[in-house]
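Contents: one structure, followed by commentary.
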Amino acid sequence: MDKIKVGVVGYGTIGKRVADAVMLQEDMELIGITGHRYSYRMLIANEKNIPIYALDGVEDFIKNNVHIAGRIEDMLKKVDIIVDCTPKKIGKENKEKYYKPNKLKAIFQGGEKPDVADCSFVAQCNYDEAVGKDYIRVVSCNTTGLSRTLDAVNKKFGIKEVHATMIRRGADTWDIYHGPINAIVPVLELPSHHGPDVKTVLKDINIFTTAISVSTTLMHMHNVIVECQKEPTVEEALDLFKNTSRVRIVDNASGVRSTAQIIEFARDLGRNRGDMPEIVIWKEGIGVANHHKLLYMQAVHQESDVIPENIDAIRAAMGFKDGKKSIEMTNKSFGIE
Ligand code: NAD
């Protein structure tokens, strides 16, 4: 079978991870990435022998000894599909400028508005909906995290209503320009955009979300309260999450007390970049109140939870029909369950 030829546009936090993940797939070939401007990331792409296709001028790259394989137009001619990992709003511009005129399928990220694509996507929730679509939007890190666990809860107990609070990291680890450094910043928009975004994937869920930003770069945290139709027990919920793909249970008893230990855990596992693509739930953080209320706390590694989703979205867009199999293949390549 021919490998799926993939190009990655935008080689930042998400793009560099998607590029590495594509290279791990037996059914995919990374044709190249785009170079926006000279930076250490371009030098790394050169060291990894990943072809770089320049977006604008090449003089700056040449001056700095970065090897360029061609221009973006050259890459577009060689690929079956693009994964656009540019900052929000640019994906939509790129769709009009590059992908539509070249009749190329494309995967977009959660910073884009839902209308950029034919569907929003979390593999274990709605893979079938995305099969054969030209444009798929992998939802944001927070929406991915909520959708994975809420879909499982909905199937097992039925959901009447969800209230969730996102405690968001202030910036990505490399990012020295955003904050807060010393504050807790409420998002003064109710509901926060996360609730409506979950409904682009889990369409019938009744959900209300709030959000605050805090002084950390490692992970987000979600405190989730679900009013269930069937009465849950803590043991049943724990068992459910243990058996949900791309969800990992940790426990305070073993010393995993915070997001800091989760990232250390991922590093000690030998994960690429110390990534934790699974949504992490604390065993001791699961509770039941007033018979029908299920409470749980989960941590989301914002830089990596969407990466397996991008890989499954590529297969779905290219017409691979078996979502369960795609998830298995992707999980195996990441060393996750
Ligand atoms: P980033 O800033 O780390 O990387 C963006 C990349 O795009 C950079 O390589 C930059 O040089 C390049 N770029 C900038 N302008 C461009 C242009 N006009 N054309 C082509 N390339 C251009 O961004 P990111 O954090 O990787 O975010 C990318 C997308 O993924 C956004 O939609 C974001 O909302 C989403 N996302 C980000 C995270 C996260 O935690 N960082 C998590 C989930 C989803």
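The values are calculated or read from the model by the stated rules, or taken from the named source; none is laboratory data. Predicted model only: the values in this text are computed from it and were never measured. Please note: Cβ atoms are built from the backbone with ideal geometry, for glycine as well, and neighbour counts cover all protein chains shown. The protein model used for the area step is the full one, side chains on, heavy atoms only, and it has no ligands, DNA or RNA in it. Shrake-Rupley method; radii C 1.70, N 1.55, O 1.52, S 1.80 Å.
Kindly check whether there is at least one residue in the stretch 281-292 that is out of contact with any His (no Cβ under 9 Å at 6 or more places or on another chain), in contact (Cβ under 8 Å) with a residue 60 or more places away in the chain, surrounded by fewer than 19 Cβ atoms within 10 Å (Cβ to Cβ) and under 30 Å from Val162 (Cα atoms).
So far as the stretch 281-292 goes, yes, one or more of its residues are out of contact with any His (no Cβ under 9 Å at 6 or more places or on another chain), in contact (Cβ under 8 Å) with a residue 60 or more places away in the chain, surrounded by fewer than 19 Cβ atoms within 10 Å (Cβ to Cβ) and under 30 Å from Val162 (Cα atoms).
Mind listing just one residue for me: the one in the stretch 50-60 that is more than 25 Å from the chain's Cα centre (by Cα) and not acidic (Asp, Glu) and, of those, nearest to Asp20 (Cα to Cα)?
So, considering only residues that are more than 25 Å from the chain's Cα centre (by Cα) and not acidic (Asp, Glu), the one nearest to Asp20 (Cα to Cα) is Ala54.
Give me the pairs: first residue in the stretch 87-105 and in the same structural domain as His36 (by TED's automatic domain parsing), second residue more than 7 Å from the ligand (Cβ to nearest atom) and open to solvent by 80 Å² or more (accessible area, probe 1.4 Å), beta-carbon distance under 8 Å, and six or more apart or on different chains, which are they?
Short answer, once both residue conditions are applied: Lys92/Lys113; Asn102/Lys77.
Collect the residues in the stretch 1-30 that are over 17 Å from the mean Cα position of the chain (by Cα) and either among the basic types (Lys, Arg) or modelled with pLDDT under 95 (or both), keeping them in residue-number order.
Scanning the stretch 1-30 gives Met1, Asp2, Lys3, Lys5.
Looking only at the stretch 107-135, which residues are hydrophobic (A, V, I, L, M, F, W, C) and touching a Gly at 6+ places or on another chain (Cβ under 8 Å)?
Phe108, Val116, Ala123, Val131
So Tyr38 fits all but one of (1) within 13 Å of the ligand (Cβ to nearest atom); (2) open to solvent by less than 70 Å² (accessible area, probe 1.4 Å); (3) not in a helix (DSSP H, G or I); what number is the exception?
(2)
Among the residues of the stretch 126-158, count how many are among the hydrophobic types (A, V, I, L, M, F, W, C), within 16 Å of the ligand (Cβ to nearest atom) and in a helix (DSSP H, G or I).
2
What helices (runs of 4 or more DSSP H) lie completely within the stretch 45-107 and have 1 or more residues being within 13 Å of the ligand (Cβ to nearest atom) and of a type in the set (Phe, Trp, Tyr)?
It comes to 59-63.
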